[in-house]
1. Going highest first, how would you order 110-118, 15-23, 74-82 by mean Cβ packing within 10 Å?
2. Under a cut-off of 17 Å between alpha-carbon atoms, report the aspartates and glutamates in cross-link reach of LYS122, not counting same-chain residues fewer than 8 places apart.
3. Note the full-extension length gain between LYS122 and CYS102 as 0.36 nm times their separation in residues minus their Cα-Cα distance, in nm to one decimal.
Amino acid sequence: SIHKGQGFCTSEQVTWDATGRLINDGTWMYKPPLAPDMPTDFRVHLLDNSAFPGGFASSKATGEPPLLGSVSIFLAIQQAIRSARSDAGEEGFFTLSTPATCAKIQQSCGTKIEDMTVEAAKRGE
C-alpha cells in the first residue's frame, strides 16, 4: 500500500480533455509505480504485543496506515524543494500539489536555466 501512495504522491497525474473525458485512462499514459520503482529491501514490521487480538497479527488495520505513511514521501520532496529554494536564494512560501511530478518539483525549486551551466557550477551557485 505504501507504493500505491507513492504513486498517488509522485506520478499518478490524471488529465481530462475539454469535454471532461479522461485522457490517460490506461498505463500507456498513466504511470503507477511498478516493481522496478520499489526498493529491493523494503521491510515492514507490525506492532508487537498489540492489545487488539481480533486483527491479523494483532494489527489495527492493514490498508490505510501504509497508504497514509506514504505522505512521508511527499513531505520529503517538500523538504528537498525547500532546501533547493534556499540554495537558489528563494525564500518563503511555495505551493506543491499532488502528484509532485518531476515538472512540478523543478518549477518549485526556483532553478533557472542560467543555473544549469558549467560556469555556474564552478562558482558554486
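Rule-based calculations on the coordinates, nothing more; no lab input. If you're wondering where the values come from, they're calculated on a predicted model, not measured in any experiment. Because the Cβ atoms are built from the backbone with ideal geometry, glycine has one as well, and the counts that use them run over all protein chains shown.
1. Working: 110-118: 11.0, 15-23: 8.7, 74-82: 15.1.
By packing density, highest mean first, the sequence is 74-82, 110-118, 15-23.
2. ASP87, GLU114
3. Details: separation 20, 0.36 × 20 = 7.20 nm, distance 2.54 nm.
Result: 4.7 nm gained on full extension.
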